[in-house]
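Reviewing the structure listed below.
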Amino acid sequence: MTELNNLIATARDMGSFSTLLDAAEKLKLIEKYSNEGLFTIFAPIESAFSPIPDEVIDESFNDRTYLLGIINYHIVEGKYNISDLEKLTEFETVSGNKLKINARDGIKIDTANIIKGDIECNNGVIHAIDEILVP
């Protein structure tokens, strides 16, 4: 059986989450999500950022409080696989906000679709989503 990597190493290996990883690095969250957990991360794929102008992304990266709020809205304490999500209607993020779950016709987290779920890690799970979640 293959040994699982942590959330950060897995996200890097996948190559689909570079802006999200850049934000985690800017916020000095790499060590936390490499070593702590269990966490569920709803990770926007790179194309989720394409509708946003570069200057807006740059502004967001320069506002640490705002950026942390956005990142923390994508993370839930505990490990929730697709089979768990199908049974829930909402849960609380590490930012304290509630995420809505809709399990009709696939799994939707707020307005984002899970396009690849159950990416297993040794300290949680990643679900790739097609949009950025905004509190």
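Computed from the coordinates by the stated procedures, all read-outs in this text should not be read as laboratory data. Note that this is a predicted model, so its numbers are computed, not measured. All Cβ positions, even for glycine, are placed from backbone atoms using ideal geometry, and neighbour counts span all protein chains on display.
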(request) Return the sequence-ordered ³J(HN,Hα) values of the stretch 23-38 in whole Hz as given by the Karplus equation 6.51 cos²θ - 1.76 cosθ + 1.60 applied to θ = phi - 60°, using x for Gly and Pro. (result) 5, 4, 5, 4, 8, 6, 9, 4, 5, 4, 7, 8, 10, 9, x, 9
(request) Work out from phi, with θ = phi - 60° and the Karplus expression 6.51 cos²θ - 1.76 cosθ + 1.60, the ³J(HN,Hα) of each residue of the stretch 56-64, listed in order in whole Hz, and give x for Gly and Pro. (result) 5, 5, 4, 4, 4, 5, 8, 10, 3
(request) Find out how many positive minus negative residues lie around Ser34, taking Lys and Arg as positive, Asp and Glu as negative, among other residues whose Cβ is under 12 Å from that of Ser34. (result) 0
(message) Just want the answer: with Cβ charges of +1 for Lys and Arg and -1 for Asp and Glu, which residue in Asn6, Asn35, Thr19 is farthest toward the dipole's positive end in the stretch 1-43?
(response) Thr19
(message) Counting other C-beta atoms within 10 Å, and keeping those with at most 11, which DSSP coil trypsin sites (Lys or Arg not before Pro) do you find in the stretch 57-135?
(response) Lys87, Arg104
(message) I want to verify a result. In a Gaussian network model of the chain, Cα cutoff 10 Å, which of these has the top mean-square fluctuation: Tyr33, Tyr80, Tyr66?
(response) Tyr66
(message) Treating only the Cβ of Lys, Arg, Asp and Glu as charged (+1, +1, -1, -1), what charge dipole size does the chain show about its Cα centre? Round to the nearest 20 debye.
(response) 340 debye
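Translational diffusion coefficient of the stretch 70-130 at 37 °C, 0.692 mPa s, Stokes-Einstein with Kirkwood Rh over Cα pairs, in µm²/s as a whole number.
The Stokes-Einstein estimate is 281 µm²/s.
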(message) Sorted from largest to smallest, which semi-axis lengths in Å does the alpha carbon gyration tensor of the chain give for its equivalent ellipsoid, taking the root of 5 times each eigenvalue?
(response) 21, 18, 14
(message) Relative contact order for the stretch 7-129: what percent, with Cα pairs under 8 Å and sequence separation of 6 or more?
(response) 30 percent
(request) Rank Phe42, Phe17, Phe91 by mean-square fluctuation in a GNM of the chain with C-alpha springs under 10 angstrom and give only the top-ranked residue. (result) Phe91
